[in-house]
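Okay, so here's the structure we're looking at.
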Amino acid sequence: MIEFLKKLFGQSGSSATAKERLRLVLMTDHLELAPELIEAMKRDLVDVISRHVEVDRDKIEVNFERQDSALAMLANIPILSVNRPSANLTLVSVPAPVESVQPPVAANGAPPKSAPPRVRKRRKRAAKKAAGTNAAPASGATPASAAAN
Amino acid sequence: MVDADIGLRNLDIVLGLESRVKHHLLDVLEERVSLDEALVPGKHSESLFLLAAAQSREKDDVETSKMKALISSLRERFDYVLIDCPAGIELGFRNAVAGADEAIVICTPEVAAVRDVDRVVGLLGNRFRPQLVINRLRPNLVKKGKMLSVEDVNAILRLPLLGVIADEPEIIVTTNRGEPLALRKDTPTGAAYHAIAARVAGEDVPAPMPAPAKVTILERVGSLFGGKRA
């Protein structure tokens with residue numbers, strides 16, 4: 001019945017599935033074909049984080065993962081030492097300088113938490129649930145969420 | 001027209017010229033015959049000539065520099081040189097592209113084709129600004145949301161649209177006979193081909209869009225009983 005209703009409103013077409021699958025696969029293709037882009041992103045990311053904590057530059061891992069209808073960037077950045085919090089230090093969120101590249105990656109950085117030795121930073125594009133209805137269009141980027149474990 | 005698909009010659013059979021091909025591209029490149037001897041005049045047009053691909057050789061037998069030189073000598077003799085590029089992204093592709101000024105990419109509205117075209121456009125790089133022809137579109141399926149539309153494809157590829165060719169049964173019939181439908185300007189598909197040619201030649205004509213076929217109620221009822229449907 002739902003299928004029928006969907007059909008009635010022209011949303012069940014397999015072309016929508018095709019579009020969505022293509023969008024995701026091309027994002028991964030483009031990333032795979034541009035290793036220098038990933039290197040540049042890694043460098044910038046480390047520069048930003050290094051302002052606050054000392055990280056092990058040689059052991060950074062950046063991966064991309066398909067998660068249902070979104071592509072996520074997972075960065076594993078080992079932290080070597082954390083500065084003692086000082087009264088003058090203010091934590092600011094710094095926009096990651098990858099906004100203009102295609103495909104776009106979420107553009108907000110979040111201040112790392114100071115307690116755990118390793119921070120697992122997760123940036124997610126087009127978070128389906130957050131948007132409420134449909135996944136964000138290809139050009140839109142949702143704010144990043146940072147998780148520490 | 002140069003068939004650069006070495007080893008898989010087929011422009012001759014599509015154009016109905018298969019019985020007239022005596023020499024091929026590699027005969028010319030390896031200087032066994034002159035260019036004049038190898039060019040096959042078209043059946044339906046006095047201004048169209050075909051240089052057939054070698055059938056018993058491989059793509060790696062072609063030297064890029066020689067291919068480039070061949071295209072420049074053709075350039076002096078003809079207004080337009082169309083190079084039919086082989087599928088794939090290996091040497092055959094690079095050779096076909098080496099002497100070209102412009103690129104036209106042909107894409108069917110299917111996921112695999114769109115992905116491949118995206119890759120090829122990336123490989124063509126900054127030297128070209130490829131134009132897009134969408135081939136084998138089925139407007140009825142698009143209308144039902146069962147096929148990627150022209151807009152869907154180009155939202156991904158973002159290329160200047162040169163034209164759209166419908167998936168017309170008549171193309172199969174005319175190709176069977178070796179008489180390309182492109183020559184029949186009186187049919188919608190033939191007109192679409194002509195519009196593409198005019199646009200390549202720099203004329204400011206619109207690209208006609210294939211319209212979904214109108215199905216009458218009678219045909220619709222007929223199809224319920226297993227009848228044929230457009």
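Just so it is clear, none of the values below were taken in a lab; they were calculated from the coordinates. Remember, it's a predicted structure, so these values are computed and weren't measured experimentally. Here the Cβ is made from the backbone with ideal geometry for all residues, glycine too, and neighbour counts use every protein chain on show.
Just to confirm the number: angle between the C-alpha axis of helix B:111-124 and the first principal axis of chain B, 0 to 90 degrees, nearest 10? So the helix axis and the longest Cα principal axis differ by about 30 degrees.
For B:Leu82, the residues whose amide H sits under 5 Å from its own are B:Val2, ignoring neighbours fewer than 5 places away on the same chain, with H placed 1.01 Å from N.
Exposure proxy for B:Thr108, B:Thr216: other Cβ atoms within 10 Å of each Cβ, ordered fewest to most, give B:Thr216, B:Thr108. Average partner chain C-beta neighbours within 10 Å, per residue of B:140-146? Partner-chain Cβ atoms within 10 Å, mean over residues of B:140-146: 4. The orientation-averaged shadow of the Cα convex hull for the stretch B:1-99, equal to a quarter of the hull surface, comes to 5.6 nm². Per residue of peptide A:15-24, the mean number of Cβ atoms on other chains within 10 Å of the residue Cβ is 5.
Give the average, rounded to an integer, of partner chain Cβ atoms located within 10 angstrom of each Cβ in B:156-163.
Whole-number average of other-chain Cβ neighbours for B:156-163 is 1.
Amide H to amide H, with H built 1.01 Å from N, A:Val55 comes under 5 Å of A:Leu80, counting only residues 5 or more places away or on other chains. Put a dot 7 Å past the Cα of B:Val33, heading toward its Cβ, do the same for B:Val205, and the two dots end up 3.3 nm apart.
Ranking B:Ala96, B:Leu148, B:Val133 by how far each Cα lies toward the positive end of the dipole of the stretch B:87-167 (charges on Cβ) leaves B:Leu148 at the top.
Sorting B:13-23, B:68-78, B:145-155 by their mean Cβ neighbour count within 10 Å, with the most densely packed peptide first, gives B:145-155, B:13-23, B:68-78.
Can you compute 3J(HN,Hα) from phi for each residue in the stretch B:83-94, using the Karplus curve 6.51 cos²θ - 1.76 cosθ + 1.60 with θ = phi - 60°, rounded to whole Hz and x for Gly and Pro? Along the stretch B:83-94, the couplings run 10, 7, 7, x, 5, x, 10, 8, 4, x, 5, 5 Hz. Here the stretch B:119-172 is treated as a Stokes sphere of Kirkwood radius computed over C-alpha pairs; at 25 °C and 0.890 mPa s its diffusion coefficient rounds to 198 µm²/s.
Our coupling estimate for the stretch B:68-76, obtained by passing each phi through the Karplus curve with A = 6.51, B = -1.76, C = 1.60 and θ = phi - 60°, is 4, 5, 4, 5, 5, 6, 5, 4, 6 Hz, Gly and Pro reported as x. Stokes-Einstein diffusion coefficient for the stretch B:175-217 at 10 °C in a medium of 1.306 mPa s, Rh from the Kirkwood formula over Cα pairs: what value in µm²/s? My calculation gives 135 µm²/s for D. The charge dipole of the stretch B:57-195, taken about the Cα centre with unit charges on the Cβ atoms of Lys, Arg (+1) and Asp, Glu (-1), comes to about 220 debye, rounded to the nearest 20.
Rounded to the nearest 20 debye, the dipole magnitude of the stretch B:1-99 is 100 debye, with +1 charges on Lys and Arg beta carbons, -1 on Asp and Glu beta carbons, and the Cα centre as origin. Remark: B:Asp12, B:Asp61, A:Asp58 ranked as A:Asp58, B:Asp61, B:Asp12, counting other beta-carbon atoms within 10 Å and listing the fewest first.
When you restrict to C-alpha pairs under 8 Å that are six or more residues apart and normalise by the size of the stretch B:1-99, the relative contact order lands at 36 percent. Around the amide H of A:Leu74, modelled in the peptide plane, lie the amide H atoms of A:Asn63, A:Phe64, A:Glu65, all under 5 Å away and 5 or more residues distant in sequence or on another chain. Scaling against 2.2 N^0.38 Å puts the C-alpha radius of gyration of the stretch B:79-128 at 1.14.
Convex hull volume of the C-alpha atoms in chain B, normalised per residue: 147 Å³. Extension gain for B:Ala191-B:Val221 works out to 7.6 nm (0.36 nm per residue, less the C-alpha to C-alpha distance). Across the stretch B:160-174, rounded Karplus estimates of 3J(HN,Hα) from the backbone phi angles (6.51 cos²θ - 1.76 cosθ + 1.60, θ = phi - 60°) give x, 7, 8, x, 10, 10, 6, 7, 9, x, 4, 4, 5, 4, 5 Hz, Gly and Pro being marked x. Distance between the pseudo-spin-label points of A:Asp44 and B:Asp79 (7 Å out from Cα toward the beta carbon): 4.9 nm.
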